[in-house]
1. Only residues that are at pLDDT 90 or above and among the aromatic types (F, W, Y): list them for the stretch 32-52, please.
2. Is it true that R444 is over 30 Å from A345 (Cβ atoms) and either touching a Pro at 6+ places or on another chain (Cβ under 6 Å) or not aliphatic (A, V, I, L, M) (or both)?
3. Suppose we filter the stretch 214-237 for residues that are of a type in the set (S, T, Y) and buried (at least 16 other Cβ atoms within 10 Å of the Cβ); how many remain?
4. So, of the residues in the stretch 31-56 that are β-branched (V, I, T) and in contact (Cβ under 8 Å) with a residue 40 or more places away in the chain, which turns out to be nearest to S15 (Cα to Cα)?
5. Return yes or no: is T419 surrounded by fewer than 17 Cβ atoms within 10 Å (Cβ to Cβ), within 23 Å of K478 (Cα to Cα) and either in contact with a helix residue (DSSP H, G or I) (Cβ under 9 Å, 6 or more places away or on another chain) or not aromatic (F, W, Y) (or both)?
6. Only one of these is modelled with pLDDT of 95 or more, assigned by TED's automatic domain parsing to the domain that holds P74 and aromatic (F, W, Y): F102, F86. Name it.
7. List pairs: first residue in the stretch 128-155 and under 19 Å from R213 (Cβ atoms), second residue among the charged types (D, E, K, R) anywhere in the structure, Cβ distance under 6 angstrom, at least six positions apart or on different chains.
8. Hey, does the stretch 398-413 have a residue that's surrounded by 14 or more Cβ atoms within 10 Å (Cβ to Cβ), of a type in the set (D, E, K, R), at pLDDT below 95 and not assigned by TED's automatic domain parsing to the domain that holds S340?
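The values are calculated or read from the model by the stated rules, or taken from the named source; none is laboratory data. Because the structure is predicted, anything quoted here is derived from the model rather than measured. A quick note on method: Cβ atoms are made from the backbone with ideal geometry, for glycine too, and the neighbour counts reach across all protein chains shown.
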Amino acid sequence: MLTGELRSQIDAIWSSFWTGGISNPLEVMEQITYLLFIRRLDDAHTLEESKAFMLKRPMAKRIFPEGQDPKGRPFDDLRWSRFKNFAPADMHTVVGEHVFPFLRTGLVTGGGDGSTYASHMKDARFTIPTPALLAKVVDMLDHVPMDDRDTKGDLYEYMLGKIASAGQNGQFRTPRHIIQLMVAMTAPTPKDVICDPASGTCGFLVAAGEHLRDKHPELFNNATARAHFHTGMFNGYDFDNTMLRIGSMNMALHGVENPDIRYKDSLAQDHAGDEEKYSLILANPPFAGSLDYENTAKDLLAIVKTKKTELLFLALFLRLLKPGGRAAVVVPDGVLFGSSKAHKALRRMVVEDQKLDAVISLPSGVFKPYAGVSCAILLFTKTNSGGTDQVWFYDMQADGWSLDDKRQPLLAEALLGATPGQALSEAEHAKNNLPDALARWAQRDSTERARPRTAQSFCVPKADIASQGYDLSINRYKEVVHAAGEHLPPKDILAKLAVLEAEIQAGMKALEGMLG
């Protein structure tokens, strides 16, 4: 958790960019990311120097080469610890004309810091306009503590939150508490291979990593498990290079050394190399409408013939998961009840051919101010042989934050999220349903089976879902509570109305007979 002082430092850095002439929040985030990476390179080089000095041997790996760069500047001048002390004009020249060219070309040839982040630097642009602004930001960042993994991870998350609060590019960020709920429900294990095919800032992958650190700290005592965590476990695709850089830095600052975060248009490229590769998918992909058939991967069209991106992403998840793999993904409500042939076919496939575990209806304002569309979380397991028995439904009414465009917290920080520090009262639950949803999810195969359909959560047999044309909207199955306490399913209400209508008709005929 960040202190007020650290938040103030970041706020001051952010304000300096705005007053210095950079008003696009995504550009601010990108420039800060570059500077943090440059500082990180220097820290890694310093660590190698210290090892070499202690062992009295040459450096095993140099990030900054000896000698001079192509423009005649000593490579040592490109290090954060050196140029931070330069006069503003000289610092601006060194960073713009020497450091950034080194990031674009020197890291690839020299090996960089060993992370995939270096590969995303080929088109890095330095856009800080004035020496004064650069000197001010470098000085501020130099005073931000970056030694503790939790602190620097939280700092970066706080800065990412500013992208959203600035009112632009918010589509790149799923609310952190919703991500944490989805991660907690899927409970990643040290053997998982995790993928987000629309990774953005890598919020899902970061949260999965933090969950493993918290729940499975023993994995870091095993060399094989530790290597898997740092190099094979986390995989993300995106087709925005800015997001690749920001997402990779987010992973690095949260202590994942070399995740596979790479450029890929998930819906437009063939997935032969990734088919059935992952054991867990966590995602909130962008649902931008329709794609042309010509630009859509043929292996996805083989699953479902459609131009709708929301359906194509579901087909992609089924393609990427290995048998036994599980997924927690956000979908717009239209996926749950859409009446097109493709909608119905895909829902039937998930229910009949795979194992649909749960449908969680989210409040309609959860993604405001960027989108007011209603969404849901689908949780399913790939089996290729069915297995759906009872589907667990949860009607989430509140997520701890106001559902208007401001999205202000409704409770103290310690009471927010899926795993607050203490049990919530009934009044607090009315403002934050996440802990209740997580607790009931754990009971979905036991006590939840007995809940009536008037409750906030309940289970529905597969046969009932099939009889409703595989409609997955919770209102299709939720029962109405009447004033007298009676509750009936929709089909029984219709039957009663039919009987009542027949009685009225009979009464009318009897009355006509008496009058005639």
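1. Selection gives Y34 alone.
2. Working: over 30 Å from A345 (Cβ atoms): no; either touching a Pro at 6+ places or on another chain (Cβ under 6 Å) or not aliphatic (A, V, I, L, M) (or both): yes.
No.
3. Let us first name the residues in the stretch 214-237 that are of a type in the set (S, T, Y), namely 224, 231, 237.
Filter once more, keeping what is buried (at least 16 other Cβ atoms within 10 Å of the Cβ): 237.
Of the residues in that region, 1 qualify.
4. Selected residue: I32.
5. Criteria not met by T419.
6. Details: F102 fails: modelled with pLDDT of 95 or more.
Exactly one of F102, F86 is modelled with pLDDT of 95 or more, assigned by TED's automatic domain parsing to the domain that holds P74 and aromatic (F, W, Y), namely F86.
7. Matching pairs, first to second residue: M146/K152.
8. The answer is yes; a qualifying residue exists.
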